[in-house]
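> Let me give you the structure first, and then I'll get to my questions.
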Amino acid sequence: MKDIRQKLVEMLKEGHCTTRISSIAKRLKVPATTIHYNIKRLEKEGAIKSYKSVFNYREIGQGHCTYVLVNLVEGKYGDPEEVAKEIAKNSNVESVDIVTGDYELILKLRSRDIDDYYSFVKFAIKKYGFAKAISLTSLKQIKTEFVTL
């Protein structure tokens, strides 16, 4: 049988997941058609943006998780949204937030290992205009995407 796991993981990361309407209906004790109608309504209203799988990242080769607090160079400081949108396109970046306080951005990165992370940081400093980056490495994740691991 053909091994398509990596391609499948990439698609699931992009939101190619479905809800389990029948299991939700059983749990809420309402008809599946009622669940389906309400889900479609939430999607149309924009309340549901996407469906996503929650991974055991070690099993898919992205077990190194780092949070990076970023100060931008003076020329990029005035438009952190532009920089954040550009950074978000990188496949190593799980999330990007514009924040208040001593830093402009906080990134959550997934990488294979410390060397892969280091390559990203060197690249990001040049490309995105990082003036300063403080790294916080996650030792163990207990809860993610509202799921306790």
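Quick note: the coordinates plus some simple rules give every number you see, no bench work behind them. Nothing here was measured: the structure is a model prediction, and the numbers come from that model.
> Quick one: grab the alpha carbon gyration tensor of the stretch 56-142, order the square roots of its eigenvalues as a ≥ b ≥ c, and give me rounded if a/c is under 1.5, else prolate or oblate depending on whether a/b is larger than b/c.
Prolate, since a/c reaches 1.5 and a/b exceeds b/c.
> So which lysines can Lys76 reach, going by Cα to Cα under 25 Å and dropping same-chain residues fewer than 8 places off?
Lys76 reaches Lys85, Lys89, Lys108, Lys122, Lys126, Lys127, Lys132.
> Same structure, new question: Which of the three applies to the stretch 5-45, rounded, prolate or oblate, going by the alpha-carbon gyration tensor with a ≥ b ≥ c and a/c under 1.5 meaning rounded?
It comes out oblate by the Cα gyration axes.
> To one decimal place, what orientation-averaged projected area in nm² is obtained for the convex hull of the Cα set of the chain?
Mean orientational projected area (the chain, Cα hull): 12.1 nm².
> Against the longest principal axis of the chain, how steep is helix 114-124, in degrees 0 to 90 to the nearest 10, with axes from Cα atoms?
70 degrees
> Using only the alpha-carbon atoms, how far is helix 32-45 inclined from the longest principal axis of the chain? Give it as 0 to 90 degrees, nearest 10.
Orientation of helix 32-45: about 30 degrees from the principal axis.
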